[in-house]
Amino acid sequence: MAGFKAVTTEDSKMTANNLIDGKAQAAILREQIAKDVQNLNSQGIQPGLSVILVGEDPASQVYVGNKIKACESTGITSFEHKLPADTTEQAIIALIKNLNNDPSVHGILLQLPLPGDLDADNILPHIAPEKDVDGLHPMNVGKLVAELDGAMAPCTPQGSLHLIHSVQQDLTGLHAVVIGRSLLFGKPMAQLLLQANCTVTTCHSRTKNIEDICKQADILVAAVGRPKMVKADWVKDGAIIIDVGINRQENGKLCGDVDFDAVAPKAKAITPVPGGVGPMTIACLLQNTVKAARIQNR
Ligand code: NAP
């Protein structure tokens, strides 16, 4: 199967022959995106992505740096806008309005979380929906639910679906359980799985008997932010496990929301952390930028 590879990840115990290799899948997708960019170039279109970083959060700086590098690797032009942490909401909105009117910019990404009292909910709706490559504008949230043409879906759920499809193409009738109901991930993930004809259950912090619900899942997607929460006895034999969580352990290493060592032997396929969903998120951001460039040049 194309998505499988025996991989040793950051935690040396994390080896298995049923790993879904997110890095390899993302590399394949980036190759396709580079071809799409060349195709657009031949029509006189140069896709461009603006990334806005407010403040100096080290993790955000790394994420933005990785996005800029990924743009370069596929031929997408990137524009980085670094603003000090004391920037006002009005100033960020003014920048966004300029970028909305700039024909060389097809995608606008506001790196989250924002520092201090800045409220993303006040700012994100000012991004033109057709340039909203993070898929967080209320218009895109609605278009995704309504399955309307041109909907921009958030990148991490898109990437997660891509990884599921790398293991199993037809998901019709499978029971998918998503743990987490955020706007960034849980809700759009459930929506995409529904569109793929899964029967979908969403769990959250108020869900009762969560273990029993998870045990029924053919596809189990965990996006909570609690290290190793999903245990082996939560998982049905042969389930596909997508671990979205990124947690820093006391030993400094990263781990997911799934107890990988215990769950992997039961799974049909499982994503590692790191090296699973993370690389796909950036590849899908590039894909959304190319899609945005196409839509804006129809
Ligand atoms: P979030 O907004 O904090 O949402 C977490 C969700 O988990 C909420 O819906 C919450 O339920 C639910 N939850 C909390 N405790 C729970 C429990 N004990 N049992 C069941 N559900 C529980 O986080 P997010 O933005 O969706 O991200 C989730 C995780 O994914 C984080 O670790 C984040 O770092 C990671 N992430 C990774 C990527 C990537 O590229 N790999 C991208 C995005 C996010 P309530 O709604 O009831 O509070």
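Only the coordinates and a few stated rules stand behind these numbers; no lab work does. This one's a predicted model, so the numbers in the text were calculated from it and none came from an experiment. All Cβ positions, glycine included, derive from the backbone under ideal geometry; neighbour counts span all protein chains shown.
In this label model, Asp149 and Asp170 are separated by 2.8 nm, measuring between points 7 Å along each Cα→Cβ vector. How far is helix 22-42 tilted off the main Cα axis of the chain, in degrees rounded to 10, range 0 to 90? It works out to around 30 degrees. Stretching Ala27 away from Glu72 to a fully extended chain increases their span by 14.8 nm, per 0.36 nm per residue minus the current alpha-carbon distance.
Using the average count of surrounding beta-carbon atoms within 10 Å as a protection proxy, the listed peptides 281-288, 229-236 rank, highest first, as 281-288, 229-236. The H on the amide N of Ser78, modeled in the peptide plane, is under 5 Å from the matching H of Leu49, each at least 5 residues off or on a different chain. Each label point was placed 7 Å from the Cα along the Cα-to-Cβ direction; for Glu250 and Arg298 their separation is 5.5 nm.
Using θ = phi - 60° in the Karplus curve 6.51 cos²θ - 1.76 cosθ + 1.60, the 3J(HN,Hα) couplings for region 158-165 round to 4, x, 5, 5, 4, 5, 4, 5 Hz; x is entered for Gly and Pro. Restricting the calculation to Cα atoms, every distinct pair contributes to the Kirkwood radius of region 192-298, found to be 15.3 Å. Residues whose amide H comes within less than 5 Å of that of Gln46, counting only those at least five positions distant or on another chain, are absent (H built at 1.01 Å from N in the peptide plane). Give, as a single signed number, the net charge of other residues whose beta carbon lies under 12 Å from the beta carbon of Val62, with Lys and Arg counted +1 and Asp and Glu -1. Neighbour charge sum, excluding Val62 itself: 0.
In order along region 216-227, the Karplus-derived 3J(HN,Hα) couplings, from 6.51 cos²θ - 1.76 cosθ + 1.60 at θ = phi - 60°, round to 8, 7, 7, 10, 10, 10, 10, 9, 10, x, 10, x Hz, and Gly and Pro are given as x.
The Cα center of region 284-298 and the Cα center of region 184-244 differ in position by 30 Å. Pairs of Cα atoms nearer than 8 Å and 6+ residues apart set the relative contact order; for the chain it is 22 percent. Model label points for Thr207 and Lys231, set 7 angstrom from Cα along the Cα-to-Cβ axis, are 1.7 nm apart.
Paramagnetic label reach from Asp86 (point 7 Å along Cα→Cβ; backbone nitrogen cut-off under 20 Å): within region 28-70, residues 53-58.
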